[in-house]
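This report concerns only the one structure given below.
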Amino acid sequence: MKLQSTKIDAFKGRFRGEVVSPGDEAYDDARKIWNAMIDKHPALIVRCITTSDVVLAVNFARDNELLLAVRGGGHNIAGSAMCDDGIVIDLSQMKAASVDPVARRVTIEGGATLADLDASTQAHGLATPLGINSTTGVAGLTLGGGFGWLSRKYGMTIDNLESAEVVTAAGEVVRASNTEHPDLFWALRGGSGNFGVVTHFEFRLHPVGPDVLSGLIVYPIAAAKSVLRQYREFLAQAPDALSVWAVLRQAPPLPFLPEEVHGTGMITLALLYAGDPKLGEPLIDPLREFGTPLGEHVGVQPYIAWQQAFDPLLTPGARNYWKSHNFSTLQDGLFDAVIESIENLPSPQCEIFFGAIGGATTRPAPESAAYAHRDAQFVMNVHGRWQEQADDERCIGWAREFFKASAPFASGGVYVNFLTADEGDRVRSAYGPNYDRLAQVKRTYDPDNLFRTNQNVQPA
Ligand code: FAD
């Protein structure tokens, strides 16, 4: 980036947050994001603390023709929160939340994590559907759709979005809702970071917990085919309040598993019942009878604790490469492919999971919001995860191999938030039939494609 220092000084003079540049002590930490494979060097990282800071930064980027990236929680696998040479609008200092427990609404700033949001709403026994790793950013997750343990009952995260405050490419601050800038509101709900910087999200809330029935039931990989078949039948008739995901990997050293199975292949059923735990207990009993479990850890625990249960397996700093498909049904051929893949894991941290959505996520019409995949009953993620750069090729190769083997059974759609940086050719599949309308909205709100460090929608 070639920019006169006088211009940067003038910007700093008006900016209230912190500006981090190469050479500053904070620089290397500020450019780190969840996926250690991303090693980008922005010219400036501007840590905003107010909406006015965001306006200044957007205007500065646009007027000086700088490449612009926006960082929420920094979890995006493609590394879109960072850019080389340009400017990063870093929202990680903007996390404040305000809950109205009577109206069941929360307003939260654009740099908050899922943990921030859950902490504020659970103080009132309320929640909105979010993802399964508490350090993920609310912003990126929401803008791509968002799903987790509560989604079968209460829908995608975007289905609970009431309004958003957005700084547009023109530097205007607008409120988007069903009645104000409705096209923009439509596009924000699944169109990822293409339409502006969201400084505030307002969500509807539901009574959840604070204690919920949740946990893990673990079977050996040798039983995986039979478990997966029974899992498929079970979910087809399960109530929306019950969410069960299937995770295949090597057994981590969990205290409730016998030591001799640590490091061996397993299939885990991870579950949450979003209702009175007493009503959930009999519903989950059949899950214990799919075979002889290696162990289980199921009980009534704080919802917040379950929301953080997977954090230790998903810490930042590892190298990660993902491949993903949506499925409307799970076929037996897919089970054979997944079992073969787990028998050939390239690293003990790799896993394949089937996130069961369905339920309320399938009820809105595909064109009602930019997120189009209302037919998806399962979102599968091949999670390649390892530590050393020397293992990149092997681990990436493994993920691609299973992705190919599972493609014949997939629906064709893909969740935009699971796309890696090298999947530009799948962007249209991610936005599906809504791509053309997104391109129209993009022309209105970002005609010069200022917000392009993302799974990009080209202005029509
Ligand atoms: P960032 O990398 O900070 O941002 C991603 C993109 O979002 C940026 O490029 C930018 O374009 C845009 N963006 C960020 N903040 C803003 C903002 N305030 N305004 C406008 N644009 C913005 N997803 C699920 O739905 N469910 C899950 O259970 C789930 N689990 C996950 C677990 C892990 C370990 C990880 C790494 C990801 C998971 N995801 C899940 C995917 C997650 O939704 C995406 O990675 C998402 O992009 C993360 O958002 P972020 O704000 O942390 O990311």
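Scanning region 178-200 for residues being of a type in the set (Ser, Thr, Tyr) and surrounded by 24 or more Cβ atoms within 10 Å (Cβ to Cβ) gives a total of 1.
I want to confirm something. Restricting to region 422-460 and keeping residues that are of a type in the set (D, E, K, R) and within 12 Å of the ligand (Cβ to nearest atom), which single residue is farthest from Leu67 (Cα to Cα)?
Here is the first cut: in region 422-460, the ones of a type in the set (D, E, K, R) are 422-423, 425-426, 428, 436-437, 442-443, 446, 448, 452.
Checking the rest, the ones that are also within 12 Å of the ligand (Cβ to nearest atom) come to 446, 452.
On the way: Asp446: 14, Arg452: 8 Å.
Within region 422-460, the match that is farthest from Leu67 (Cα to Cα) is Asp446.
Any idea which of Ile339, Ile357, Ile284 is among the aliphatic types (A, V, I, L, M) and within 16 Å of the ligand (Cβ to nearest atom)?
On the way: Ile339 fails: within 16 Å of the ligand (Cβ to nearest atom); Ile284 fails: within 16 Å of the ligand (Cβ to nearest atom).
Just one listed residue meets the conditions, Ile357.
More than 10 Å from the ligand (Cβ to nearest atom) and either among the hydrophobic types (A, V, I, L, M, F, W, C) or buried (at least 24 other Cβ atoms within 10 Å of the Cβ) (or both): does that describe Trp149? So Trp149 does not fit the description; no. Filtering region 396-418 to residues that are within 16 Å of the ligand (Cβ to nearest atom) and in contact with a Ser or Thr (Cβ under 7 Å, 6 or more places away or on another chain) leaves Gly413, Val414, Tyr415, Val416, Phe418. Among the residues of region 243-276, those identified as farther than 20 Å from Gly131 by Cα and in a loop (DSSP other than H, G, I, E, B) are Ala251, Pro252, Pro253, Leu254, Pro255, Phe256, Leu257, Pro258, His262, Gly263, Thr264, Asp276.
In region 125-141, which residues are in contact (Cβ under 8 Å) with a residue 60 or more places away in the chain and more than 8 Å from the ligand (Cβ to nearest atom)? Explain how you work it out, then say what you get.
Taking region 125-141 first, the residues in contact (Cβ under 8 Å) with a residue 60 or more places away in the chain are 125-128, 130, 132-141.
Matches in region 125-141: Gly125, Leu126, Ala127, Thr128, Ser134.
Conditions (1) polar (S, T, N, Q); (2) modelled with pLDDT of 95 or more; (3) under 25 Å from Leu314 (Cα atoms); (4) over 15 Å from the mean Cα position of the chain (by Cα), marked per residue:
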{"position": "Thr121", "(1), (2), (3), (4)": "yes, yes, yes, yes"}
{"position": "Gly148", "(1), (2), (3), (4)": "no, yes, yes, no"}
{"position": "Met156", "(1), (2), (3), (4)": "no, yes, yes, no"}
{"position": "Leu161", "(1), (2), (3), (4)": "no, yes, no, yes"}
{"position": "Val167", "(1), (2), (3), (4)": "no, yes, no, yes"}
{"position": "Ala170", "(1), (2), (3), (4)": "no, yes, no, yes"}
{"position": "Thr179", "(1), (2), (3), (4)": "yes, yes, no, yes"}
{"position": "Trp186", "(1), (2), (3), (4)": "no, yes, no, yes"}
{"position": "Gly191", "(1), (2), (3), (4)": "no, yes, no, no"}
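Take the conditions (1) surrounded by 15 or more Cβ atoms within 10 Å (Cβ to Cβ); (2) within 11 Å of the ligand (Cβ to nearest atom); (3) hydroxyl-bearing (Ser, Thr, Tyr); Thr315 misses just one of them, which is (1).
Within region 231-242, the set of residues being part of a helix (DSSP H, G or I) and either surrounded by fewer than 18 Cβ atoms within 10 Å (Cβ to Cβ) or aromatic (Phe, Trp, Tyr) (or both) comprises Tyr231, Glu233, Phe234, Ala236, Gln237.
The values are calculated or read from the model by the stated rules, or taken from the named source; none is laboratory data. Being a predicted model, the structure only gives us computed values, none of them experimental. FYI the Cβ positions are ideal-geometry reconstructions off the backbone, even for glycines, and counts take in every protein chain you see.
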